[in-house]
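The values are calculated or read from the model by the stated rules, or taken from the named source; none is laboratory data. Every value quoted in this text rests on a predicted model; they were computed, and no experiment measured them. Glycine gets a Cβ as well: all are built from the backbone with ideal geometry, and neighbour counts include every protein chain shown. Surface areas here come from the heavy atoms of the whole protein model, side chains and all, with no ligands, DNA or RNA. Shrake-Rupley method; radii C 1.70, N 1.55, O 1.52, S 1.80 Å.
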Amino acid sequence: MRIHDLIHITHPLEQQGHFDGEVTRMTLDSRQVRSNDVFVALKGSESDGHRFIPDAIRKGAAVIIAENMPGQPGMPPSTTKAIGNSENLLFLKVADTREVAGELAQAFWDYPARSMKMVGITGTNGKTTIATLVYQVLIKLGYNTGMIGTVDTRLGSEVRPSRLTTPDAVQLAATLGEMSSLDSAFAIMEVSSHALEQQRVGGISFDVAAFTNISQDHLDYHQDMASYKNAKKKLFAGLDENAVAVVNRDDPAYKEMIDGCAASIWSFGFESDTDFRILDESPEGMVLDLDGTIVSTPLTGRYNAYNVAQAYLICLALGVAKNGAAGALGEATGAPGRLERILEYRNEVPGSAVEAGTSQGKGTAANVIPAPTVFVDYAHTPDALENVLKALHSVRSEQETLHVVFGCGGDRDRTKRPEMGRIAEKYADAVTLTSDNPRSEEPESIIRDIRTGMTRTDNLFVEVKRRKAIRSAILEADTRTIVLVAGKGHETYQEVHGRRNQFDDRKIAAKALTEWIDRRLSRKGAMNNNSKEEVS
């Protein structure tokens, strides 16, 4: 990139120094700076990139973009020393480095989003399932499609695990650049409130944006619900008149989201009109009437009806035919770790960890002997936990009992903990409180916070060690028990005191279920042997 173009994009308030030549890379991390790079200093909630400007200069940065100039307040004193006698270094001062970072990153990658139809999905719950459903439909129909989300990033046949729901501006531009190079027609993105507040998606024009719902989450970052909503609203404020906004009309916040939005508004709801209806619901799935189109889905639960409906409308907004979208949704299983049915574990490989309502594992012991029904779900907010518990509560038989195992994350919004305790005891027959990702907090302290919202004394169990809690709940269950392990879903780690240790709820639950089955088969075999001895 030429310096003239860089200045045109950033509109600096002040300039100091100069650089002769072109810059080819941009980074937000001083550790990654190479010769002739552009380093953009971002102010974060925990760290200020301005502190690392001297390090970026020593590593050969050609251009520094910051909110202060050398010698001004907020700039490290060592900056002047780092500059030394450099004659080929340009400083650009801007009002807000985050505001220019997104646009600049897209420019460095030649605006890859412009070559694809961009879909952005925001809201508290449902983002991952909706994004995955849309992705699965488009792939099924033969479209080259990329996806960026909480669980993973998909580029062609490559699947990469994700660390953030929405990557930083530079990584996002790079990933979209890879999708563009693969001739992707569509890019489906989950857009988090953090990403919107931090302007990571700057420079991207979305063709379709979707609002799922708003409930309490991330208040450790946003501080209050008003700020949280305003962050989400930024996605819709940035749409132009050629875009489509698909919004859930049954959530009261939808009006705030689209206030002042220039895009065409497509709204839907299962409560507010009769055009969207649940015709049938069972543990095996649902049949939905979506504005006259019948969709049979393997997903179950009322909240999943919203997810499927929104995915359907997003596909239509992208130009997919109604029948094509409906047919592909009938085979789409959604995201891993979202009401995922757990079957037994054999030969150190899960026999199957599939979405609720699918049928796998034929011929295994699970099909020979009745066993507890086990699900793993990512629900880690009050609203999400209530949704999944209500879903299982509504489809279980009168003879079945519901046992939930869950905890709450450490170093996050503490006010949701007692509310999640209240919800758990309202819908579940038995509750086991355990660790989630305690991070720097003590698990016992988190559990005490959860218990302040509970009045239950019967069928309440506390087991700090999550592995033991999951195993106990399953091994002590009977064939009429539904066990829900909530909070971590697809995650393959547990974060404790700054370390991410390998931990997968699905594998632990599958092994415990296998052990449950083996014990019953062993007992059954012993009983049969005793019967033969008596006959002889």
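Things to note:
A quick yes/no check of all residues on (1) outside any loop (DSSP other than H, G, I, E, B); (2) polar (S, T, N, Q):
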position	(1), (2)
ILE7	yes, no
PRO12	no, no
GLN15	yes, yes
ASP20	no, no
THR24	no, yes
ARG31	yes, no
SER35	no, yes
PHE39	yes, no
SER45	no, yes
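- Members of segment 137-148 that are surrounded by fewer than 24 Cβ atoms within 10 Å (Cβ to Cβ) and under 12 Å from the mean Cα position of the chain (by Cα): none
- Candidates GLU344, GLU355, GLU340, filtered to the one that is touching a Phe, Trp or Tyr at 6+ places or on another chain (Cβ under 9 Å), closer than 17 Å to GLY126 by Cβ and at pLDDT below 95: GLU340
- Enumeration of residues in segment 185-215 that are in contact with a Gly (Cβ under 6 Å, 6 or more places away or on another chain), among the polar types (S, T, N, Q) and open to solvent by 10 Å² or more (accessible area, probe 1.4 Å): GLN199, ASN213
- The residue of segment 216-238 that is modelled with the lowest pLDDT, among those that are crowded, with 19+ Cβ neighbours inside 10 Å and of a type in the set (Gly, Ala, Ser), is ALA231.
- Test for LEU313: is it out of contact with any helix residue (DSSP H, G or I) (no Cβ under 8 Å at 6 or more places or on another chain), touching a residue at least 12 places away in the same chain (Cβ under 8 Å), open to solvent by 50 Å² or more (accessible area, probe 1.4 Å) and not small (Gly, Ala, Ser): no
- Within the set SER282, SER272, SER267, SER296, the sole residue that is more than 28 Å from ASN144 (Cβ to Cβ), polar (S, T, N, Q) and touching a strand residue (DSSP E or B) at 6+ places or on another chain (Cβ under 9 Å) turns out to be SER267.
- The residues in segment 299-329 that are outside any helix (DSSP H, G or I) and in contact with a Phe, Trp or Tyr (Cβ under 7 Å, 6 or more places away or on another chain) can be counted, and the count is 1.
- When SER397 is tested against (1) open to solvent by less than 30 Å² (accessible area, probe 1.4 Å); (2) assigned to a loop (DSSP other than H, G, I, E, B), only condition (1) is not met.
- Residue satisfying condition, being more than 25 Å from LEU196 (Cα to Cα), touching a helix residue (DSSP H, G or I) at 6+ places or on another chain (Cβ under 6 Å) and not β-branched (Val, Ile, Thr), within set ASP55, ASP20, ASP37: ASP55
- Of all the residues in segment 269-298, those that are at pLDDT 95 or above and not in a strand (DSSP E or B) number 4.
- Exactly one residue out of ARG448, ARG506, ARG471 is under 26 Å from THR300 (Cα atoms), among the basic types (Lys, Arg), open to solvent by 50 Å² or more (accessible area, probe 1.4 Å) and not in a loop (DSSP other than H, G, I, E, B), and it is ARG471.
- Verdict on LEU484 being of a type outside the set (Asp, Glu), more than 18 Å from MET420 (Cα to Cα), surrounded by 13 or more Cβ atoms within 10 Å (Cβ to Cβ) and in contact with a helix residue (DSSP H, G or I) (Cβ under 8 Å, 6 or more places away or on another chain): no
- Qualifying residue in segment 252-265 (condition: of a type outside the set (A, V, I, L, M, F, W, C) and in a strand (DSSP E or B)): yes
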